[in-house]
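Novice: This is the structure I want to talk about, given as structure tokens.
The values are calculated or read from the model by the stated rules, or taken from the named source; none is laboratory data. It should be emphasised that the depicted structure is a prediction, and the values quoted were computed from it without experimental measurement. Cβ sites come from the backbone with ideal geometry, for glycine too, and all protein chains shown count toward neighbours.
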Amino acid sequence: MKFDKNLSAIHAYLCADGYVIRNPESQKQKYYHIGLRNTNMVLLKDFQERFKQRFGLEPIITNEGRCRIGNKEIYYFLTKDYSYYSYEWEMPNLNKENLKLWLRTFFDCEAWVVLEKAKNRLIGMDSVNESGIYQIKGALKRFNIDSKIKKLDKRGIFRLFVYGKENLIRFQERIDFLHPSKKEKLDLAIKSYVNYEWKFPEDKKELKRFVKRLLKDKIGKSRVKISSIRRNNLVLLQKHLKRLFSIESNIYDCRRYYELNVSKKEDIIKIKEVLRYPKRPGL
């Protein structure tokens, strides 16, 4: 079977929520059915259009949430090398572009997105097919997306999780959803993360203003203390203090956060001059 983008998506639809079936041998009436069961019209229409482009025939979308067609030739083409039963499906060997479509389609059908702000944000998916879900885990890794699999012993189900801001961003950028509500929820989940990275301007004047704002509220009588949970924020600030204003500083690990400290008398004087503080007698 030679896979293009359309066939890659069709294959994933059939493995996830589809069926490719024929009549039992004992039955006289012959039928060869191919279809997708789904309540989302966007996915049904996508399956319909891709099927039409690949096979030149248009399945019908029914009122009960199916897109289906009967065709003996296509049935035998699809089942020659692959099964689509829940316990048996296998991922085909695809190039990266086609694999992206296969994963997106499968996740569109089978995955859900959890958004509990500041608590839990993840993409989850269940499958009874242990081999298949581990193939998906490996395929995600090709896109540098880490995932975990947990076996739900009592139910005989394997659950895959994609979580962590960076993994969710990579999923959105490299796979994403076509399913509208899942796509929106993933976007909201990513946006719900607080951005702890300080964005230092590239323009020199803007950079000076940015550094001054950081210093302004943190200056005491004899020292400056600036904290961050990201060490790299303070490393960059330290670099810019030295380059822009010739101010020396030290960074300390305070377990749950990091602290940049300016304590030398001459450096405090420089900061006050930078901030246009009036000099005190004796300093």
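Novice: Please find, within region 167-218, the residue that is farthest from residue 9 (Cα to Cα) out of those that are under 12 Å from the mean Cα position of the chain (by Cα) and among the β-branched types (Val, Ile, Thr).
Specialist: Across region 167-218, the extreme among qualifying residues is 190.
Novice: Another question, if that's okay. Which of (1) among the acidic types (Asp, Glu); (2) over 29 Å from the mean Cα position of the chain (by Cα); (3) within 23 Å of residue 160 (Cα to Cα) does residue 97 not meet, given it meets every other one?
Specialist: All conditions are met except number (2).
Novice: Only one of these conditions is not met by residue 115: (1) farther than 22 Å from residue 30 by Cα; (2) buried (at least 19 other Cβ atoms within 10 Å of the Cβ); (3) of a type in the set (A, V, I, L, M, F, W, C). Which number is it?
Specialist: Residue 115 satisfies all of (1) farther than 22 Å from residue 30 by Cα; (2) buried (at least 19 other Cβ atoms within 10 Å of the Cβ); (3) of a type in the set (A, V, I, L, M, F, W, C) except (2).
Novice: Name the single residue, out of those in region 241-258 being touching a Phe, Trp or Tyr at 6+ places or on another chain (Cβ under 8 Å) and either modelled with pLDDT under 90 or under 16 Å from residue 214 (Cα atoms) (or both), that is surrounded by the most Cβ atoms within 10 Å (Cβ to Cβ).
Specialist: Looking at the filtered set, the residue picked out is 258.
Novice: It is to be established whether one or more residues within region 119-131 are surrounded by 14 or more Cβ atoms within 10 Å (Cβ to Cβ) and more than 28 Å from residue 8 (Cα to Cα).
Specialist: Yes, that holds for at least one residue.
Novice: Can you tell me how many residues within region 82-112 are farther than 30 Å from residue 195 by Cα, aromatic (Phe, Trp, Tyr) and surrounded by fewer than 16 Cβ atoms within 10 Å (Cβ to Cβ)?
Specialist: 2
Novice: Here is a further query. Take the residues of region 259-283 that are among the charged types (D, E, K, R), modelled with pLDDT of 90 or more and not in a helix (DSSP H, G or I): which is nearest to residue 227 (Cα to Cα)?
Specialist: 259
Novice: Scan region 188-196 and give yes if some residue there is in a loop (DSSP other than H, G, I, E, B) and over 30 Å from residue 167 (Cβ atoms), otherwise no.
Specialist: No, every residue in region 188-196 fails to be in a loop (DSSP other than H, G, I, E, B) and over 30 Å from residue 167 (Cβ atoms).
Novice: Could you tell me how many of the residues in region 132-163 are among the polar types (S, T, N, Q), touching a residue at least 24 places away in the same chain (Cβ under 8 Å) and not in a helix (DSSP H, G or I)?
Specialist: Total satisfying the criteria: 1.
Novice: Among the candidates 260, 237, 244, which residue alone is in contact with a Lys or Arg (Cβ under 7 Å, 6 or more places away or on another chain) and under 18 Å from residue 198 (Cα atoms)?
Specialist: Going through 260, 237, 244 in turn, the sole match is 244.
Novice: Just name the residue that is surrounded by the fewest Cβ atoms within 10 Å (Cβ to Cβ) out of those in region 59-81 that are of a type in the set (Lys, Arg) and over 19 Å from residue 132 (Cα atoms).
Specialist: 72
Novice: Here's something else I'd like to know. Of the residues in region 22-47, how many are in contact (Cβ under 8 Å) with a residue 24 or more places away in the chain and of a type outside the set (Lys, Arg)?
Specialist: 13
Novice: Sort out which residues of region 132-181 are at pLDDT 95 or above and among the small types (Gly, Ala, Ser), and write them in order of number.
Specialist: 132, 138, 139, 147, 181
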